[in-house]
Amino acid sequence: MRPFGITGAVTLEHPMTGSSINFGVDPLTGQLAPMLTRNVDTLHWGLALEFSTLYLTRRFTPGKLPKEEPLNQFVPLVEFAFDSPRGQKTAATMNPGLSYVAVSWQVAAEAIVPLNREAGRSIGVRAQLLLFLQDLIPSVFGKPLLGD
C-alpha cells in the first residue's frame, strides 16, 4: 500500500452579500445576459486517491524528488468532489487525472465526470499549474513571515 495516498479537504464558502449579478444564459431568449443570483453558504468537501511510484524506489528521500527518474514523478489520481449549497441538493463529481510533480512546479489535468444531475450532464476538463514559490524564490518565500 506504500505508493497509495489518500487526501481530503473540507471548506465552507460564506458569501459576504445575499445576491450578486453574474452572466448566464437567459432561459427566455437563449442569450448571454446579466442575471441576479442568490448567494448561499456552500460546503465544499471531497477526497482524492493518488498512486505514486516514486515511493517504490530505493532512492526515495522524503522532501526530495529524484531528478534522474522523471517517470516516477507522474501521479495518476482520482478525486471525488462534492458541493453542498445550503437548502439544495449536493453536486458530486469524479475527477480522474494525471499529475506531474517537479521540484518547483506541478502540472495536472483531469476529466470532470458528473455523478448526479446536480453536477451537470456532460464531461468537462480541468488543467492546472502550481508553482512552489518557496523553491522558485527562496530568498522571498523560504522564510517565516513573522519572526526570525
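Could you tell me whether the stretch 133-148 includes any residue that is modelled with pLDDT under 95 and surrounded by 14 or more Cβ atoms within 10 Å (Cβ to Cβ)?
no
Can you report the number of residues in the stretch 16-40 which are among the charged types (D, E, K, R) and assigned to a loop (DSSP other than H, G, I, E, B)?
Residues meeting the conditions: 1.
When residue 31 is evaluated against the numbered criteria (1) open to solvent by 40 Å² or more (accessible area, probe 1.4 Å); (2) among the polar types (S, T, N, Q); (3) modelled with pLDDT under 90, which criterion, by number, is the only one it fails?
In the conditions (1) open to solvent by 40 Å² or more (accessible area, probe 1.4 Å); (2) among the polar types (S, T, N, Q); (3) modelled with pLDDT under 90, residue 31 misses (3) alone.
Would you call residue 60 surrounded by 11 or more Cβ atoms within 10 Å (Cβ to Cβ), out of contact with any helix residue (DSSP H, G or I) (no Cβ under 7 Å at 6 or more places or on another chain), at pLDDT below 95 and over 24 Å from residue 83 (Cβ atoms)?
no
Identify all residues within the stretch 105-148 that are touching a strand residue (DSSP E or B) at 6+ places or on another chain (Cβ under 9 Å) and among the polar types (S, T, N, Q); write none if there are none.
Correct list: 106, 116, 122, 128.
Hey, among the residues in the stretch 103-123 that are of a type in the set (Gly, Ala, Ser) and closer than 16 Å to residue 77 by Cα, which one's surrounded by the most Cβ atoms within 10 Å (Cβ to Cβ)?
108
Might you check whether a residue that is part of a loop (DSSP other than H, G, I, E, B) and modelled with pLDDT of 90 or more occurs anywhere in the stretch 41-55?
Yes, because at least one residue in the stretch 41-55 is part of a loop (DSSP other than H, G, I, E, B) and modelled with pLDDT of 90 or more.
Which pairs do you get when a residue that is in a helix (DSSP H, G or I), found in the stretch 110-135, comes within reach of a residue that is at pLDDT 95 or above and open to solvent by less than 90 Å² (accessible area, probe 1.4 Å), reach meaning Cβ atoms under 6 angstrom, with the pair 6+ apart or on two chains?
Note: pairs meeting the criteria are 118/91; 119/91; 119/92; 119/93.
The values are calculated or read from the model by the stated rules, or taken from the named source; none is laboratory data. A quick note: this is a predicted structure, and the numbers were derived from the prediction, not measured. Quick reminder, even Gly has a Cβ in these numbers, built from the backbone with ideal geometry, and neighbours come from all protein chains shown. When the accessible area is computed, the model is the full protein with side chains, heavy atoms only, and any ligands, DNA or RNA have been set aside. Shrake-Rupley method; radii C 1.70, N 1.55, O 1.52, S 1.80 Å.
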